[in-house]
Ligand code: F6R
C-alpha cells in the first residue's frame, strides 16, 4: 500500500486526475471503476478540464461504477446514474455504450448483479478502480461484515451510511435503504486501486484502513492484501497516520 499525503483537497483532486489521466493516456481502452460521493467531485472536475484542454480523450474508455441505490428512479437527481452524468459523463467524449452502472430498478435484482459481473469480465476486468472510504470502513457499499469473497450483490445500507448520505437528501428517511454494489472480491480483482480520502473526520478511518489488522469488521483493511493500492489523502485525513506508514508527501 503506497500512502501519499498531499496538502489539501485541491491537490488531492489534481493528483488523482493526474493518475487517472496517466492510465487513460497509456491505455486508451482502459476500464475504469468509478466512485460517487463528495470526495471524487474535484477529480472529475479536473478530468473535465484536461479533456476540454485537449489533453485527454475518453472515446475508447469503458467505465463501471461501484454502486447504485435500489428503488430510486434512474433519472432521480440523487441517483448515482444522475450524479455521474452531471459530474463527468455529460462533459466528456465517452460513448454512452461504454458507461455502466448497476440498475437499481431491475425487475430481477439478483440477475442484474450477475449481469454486471459478466459485463466487467467481458470488458477484460478493471484496470484502475477509484474508491472513497466510509467512516465505518465501507468500500463501495460493502458495509462491515460483508464477505471478502463477495461479488456484485445487494446490500442493506448501515444506519451510519444513511446518516452520512442524508446530507445529499432532504431528510434521512429519503435515503434508500438498499443498494447494489460491486463486491469486495470484485474490487480486489482490479489491477490497480486508488483510494481517495479527504478531511479530518476520516482521519480515524484512514488509520484503521492502513494500520488495523485485516478484518471484515472494517472492510477497507482488506486492501492491505492488494498488490497495487495507492492511498491518496490530504493532510487532514492523514492526521492519525503513524509517520512510518506514509510512503511520501507530494
Ligand atoms: C460511492 C461509494 C462510497 C463512497 C464513500 C465515501 O460510490 O461507493 O463507498 O466512496 O461513502 O463517500 P464520500 O466521498 O461522500 O465521503
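Which of rounded, prolate, oblate describes the stretch 2-112, given a ≥ b ≥ c as roots of the alpha-carbon gyration tensor eigenvalues and a/c under 1.5 marking rounded, otherwise prolate only if a/b is larger than b/c?
Judged from the Cα gyration tensor, the stretch 2-112 comes out prolate (a/c at least 1.5, a/b above b/c).
Would the stretch 1-60 count as rounded, prolate or oblate if I go by the C-alpha gyration tensor, calling it rounded below 1.5 in a/c and otherwise prolate when a/b exceeds b/c, oblate otherwise?
Prolate is the answer for the stretch 1-60, as a/c is 1.5 or above and a/b outweighs b/c.
Sort 235, 10 so that the residue with the fewest other Cβ atoms within 10 Å of its own Cβ comes first and the one with the most comes last.
Fewest-to-most Cβ neighbours within 10 Å comes out as 10, 235.
How many percent of DSSP beta bridges within the stretch 108-250 run antiparallel, rounded to 5?
35 percent
For the peptides 155-168, 198-211, what is the packing order when you average, over each peptide's residues, the other Cβ atoms within 10 Å and list the highest mean first? Before the final figure, lay out the partial values.
Details: 155-168: 16.1, 198-211: 19.1.
Listed from highest to lowest mean packing, they are 198-211, 155-168.
Give the peptides 22-35, 105-118 in descending order of average Cβ contacts within 10 Å, highest first.
Averaged packing, sorted descending, gives the order 22-35, 105-118.
Kindly provide the helix-only [θ] at 222 nm of the chain, computed as the sum of -39,500 (n - 2.57) over DSSP H runs of four or more divided by all residues, to the nearest 500 deg cm²/dmol?
It comes out at -8500 deg cm²/dmol, rounded to the nearest 500.
Take every Cα-Cα distance within the chain, group them into 5 Å bins from 0 onward, and report for each bin the whole-number percent of pairs it holds.
The distribution over the chain is 1, 6, 14, 19, 20, 19, 13, 6, 1, 0, given as percents.
Values in this text are rule-based calculations from the coordinates and carry no lab data. In this text, all values refer to a predicted model and were calculated from it rather than measured experimentally. Cβ sites come from the backbone with ideal geometry, for glycine too, and all protein chains shown count toward neighbours.
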